[in-house]
1. Under Stokes-Einstein, with the Kirkwood radius over Cα pairs standing in for Rh, what whole-number D in µm²/s applies to the stretch B:512-619 at 4 °C and 1.567 mPa s?
2. Could you compute how fast the protein assembly as shown diffuses translationally, taking Rh as the Kirkwood radius over C-alpha pairs and applying Stokes-Einstein at 10 °C with viscosity 1.306 mPa s? Give it in µm² per second.
3. Let me check against my output: what whole-number percent is the relative contact order of chain A, with C-alpha pairs under 8 Å and at least 6 apart?
4. What FRET efficiency would be calculated for the residue pair B:R579, B:Y341, taking the C-beta separation as r and a Förster radius of 30 Å, to the nearest 0.05?
5. May I have the pair-distance distribution P(r) for the stretch B:276-348, computed from all Cα-Cα distances with 10 Å bins from 0 and rounded to whole percent?
6. For chain A, modelled as a GNM with alpha-carbon contacts under 10 angstrom, which of A:P91, A:P57, A:P127 fluctuates the most?
7. Net charge near A:T58, counting Lys/Arg +1 and Asp/Glu -1 over other residues with Cβ under 10 Å of its Cβ?
8. Mind grabbing the base-10 log of I(q)/I(0) for the stretch B:304-398 at q = 0.19, 0.23 Å⁻¹? Debye formula, identical points on the C-alpha positions, no solvent, two decimal places.
Amino acid sequence: MKAKVLFVDDDRYFTERYVRQLEHHFDVTRIQYAGNVFEVLDSHSDFQLIILDVMMPTPDGIAASATAEGRDTGLWLLSELRAYIRKHRVPVILYTNRSDTDVIRDSVARMNLLDDQCRICNKRSTPALELSQVCLDHVATVEPKELS
Amino acid sequence: MNQSNQSSELSAVTRDRIMRFHARLLSHAPVSPIQDFPEICDAWREATDADWVWMWMYNDLSCQWELTAYDSKFDADVLLTEMFTWPDTTSILEFVHRIDAPVVVTEVENWQVSHIGEDFGIPWIEQLVQMGCNVFCTVPLLSPRSPQDETTPGIDLVNPIRGAVSFHYRTRDDFDAQPDDVLLLMGWLTASIVRNSYQAEHRSILGILNELAEKHLTSVRRRHGAARGEYLDALIALIQQQLNTRAVSIFYQVPFENRVECLATTGLCDTNASSIISKDDLSQVTYEANEGLIGQCFASGEAAVRLRNAARHSPKYIEIMDGAPLRNVAVCYCPIPKASYEETLPDQPKSHGVIRCVDPHSPLRKEVASSFSPTALKKLAFIARQAAPVLHNFAIRVQREFAISIIRHDLETPLNMICDTAEDIGTYVDSDQRIRWHDLMNLKTSAAFAQNLLDQLDPDPFEVADPEIEETLLEGHIVARLRHMLEHFAKLENDISIKYSGFSGSSFCVPPLFVDRALVERAFWNLLVNAIKYSNEGSTVEVKARVITSGIEVEVKNQGIGVTPEDRGRIFQPGYRGRSAMLRKQGLGLGLSIARRAMEKHGGTLNLTKLSDPTVFTMFFPQYLQNARWNS
């Protein structure tokens, strides 16, 4: 049985190939609207990996400043999911076009997650063909398990 | 009631004192009202040999005269606290309001109501009696009014000076009446010194503000928000110190919106929930134009004050101090003005923001004041005017930084797709000896997105000097070029299909037009990509052309998030994005404005003809575009 992955990215067209590659190894659930993530996690708590884009529209009801007008929505989401992620020991990959990964890393460091639980990957340096292997490696690092 | 002497010979002693008065004031180098006004009162005391001298200034916003200064020998600590409680400074409203010539009041204790034919009293007369005053004279400080003064709203920075000096005697015999013209001349000179004093203080504040701006505007930060935050903190500290006020909040316009949000504050709480607003939640503290006093100040560009205990003043958010809300305090609202060159449409606010100051302390009595002094208000207006361009600069930077991050993202995304697709192709092209259609379309579509983004960074299409006019078939040259890419994108983005009709194959097929193909293609692309992005999943986008008497119409229809009535008037504004669009996708908000300008370059139009169910945008190409020489 394939491991379940939650893939959160508002861009459907441009992420089609990432999902296509992931589907070789994972059972992928896609979410385009960041506001829907909580509802999905409430009803499905068996995701073994969460992949989050960083730049996404700010969900309705959330102050634009909380997500830096959408530039940090993925970080905001990660912060909101901290408790869930820690409790279920779910590895996370922040998969982004942003080049300032050092700034992202500083933000993640302040969230007090488990060591190495969150990995930051740039879409340019981790292209679609390599994404699956990166995901497999990360899942194995955080929660060593047999994965198909 | 006695009047002052209209004319008499001055004694040598008096003449000498008056000459020394003029020499003293003319040689005085002004620094600030708080230092200069007591000096002025001292000069008057010496010239008139009075027991004490007060200076009054008129407060433009609270419409009251206020005791602003007294001479250095006046024992304020004893006389203004122990003997009686100094009333709210509205007391002298009627009396001083009317004077334009010196007025002498003798036998203060027996002074009766009557003056210039009207009933009014001097409400503080009892206090003067208690202080032992027997005679006093009040001289107006007059300065010329310019015609603009009557029509200029808000806080007048330095002109005209509306003030008065009153000098008091305990003993009638000490009072040496002087001619009106002598006293008026002294008043005019004093008014001039007062104006110079305001200006001197404003100049020193200007130095501080310029230093702040220099420091924070030029500082290099990864996120300039930090620089802006430091500037705002320093600005608030300056306002607190200069106005002797305990709490300050700065509100500024949300970009493209007719509302303000709180940028910085000494502390706020929600009056309903009584919960303190944290720094991270400050952007939720907003007022619409004309909502409450903040909104009114923002919309009208006019300052306002609310005095202590004013009724019906219940703002949504109030300042706190030491954790406790500051209720029933004096509050001042000062607009942050727009630049004089900025165009303001009738339905747009007249200012960019508001500075709200709360709970002033009186510089005279070292306690909470009932209002803001005239000098404080002039200072605040000056500070707001000087800070305005700096805050505007920061606002532009915020928008620019946001735009740059969107541009990077929107360029990086298709370029990554091109790279990834090329890598995909590399895995099979040797063996298959062909490229898969899906990958080919990915390459073409991604390249088109990247090119379109670069086009969006171009100046306004209307500024293109010479469009390249060539014979163009809307279907053959525009639709055909974009069709496959758009259909590929539409299918994968939202499972959308696109249906074209009316371009050809009927008796009214669309004739060739002489247009700039790149501009028209840009308009088509922007409209169709919008339609696809904001459509309901699985729906159909329709593109329908029809020939009418006056030209050609092309409608783009989609079933999707629609456009709200509130957004209708602004949707073509560069940079503006509707709320529902912002929830769906990030973007620059330039697509529709560019598309419209591209059509206008040809004398055509682009309009939103239906808001929703379906949303319809209509392009109109005038009939003369069928003529090859229309542009010559």
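1. On the way: Rh = 14.1 Å.
In µm²/s, the coefficient is 92.
2. On the way: Rh = 31.6 Å.
The diffusion coefficient I find is 50 µm²/s.
3. Numbers: 220 pairs, mean separation 37.4, N = 148.
Relative CO of chain A lands at 25 percent.
4. Numbers: r = 30 Å, r/R0 = 1.00.
Once rounded, the FRET efficiency stands at 0.50.
5. Cα pair-distance distribution for the stretch B:276-348, in percent: 16, 42, 31, 10, 0.
6. Judging by the Gaussian network model, the answer is A:P127.
7. Working: positive: A:R71; negative: A:D60, A:E69, A:D72.
Around A:T58, the charge tally is -2.
8. Ignoring solvent entirely, the Cα scatterers give -1.01, -1.20.
Where a number appears in this text, it was derived from the coordinates with a stated rule and is not lab data. None of these values were measured; they are calculated from a predicted model. Methodologically, a virtual Cβ is constructed for each residue, glycine included, from the backbone with ideal geometry; neighbour enumeration extends over all protein chains shown.
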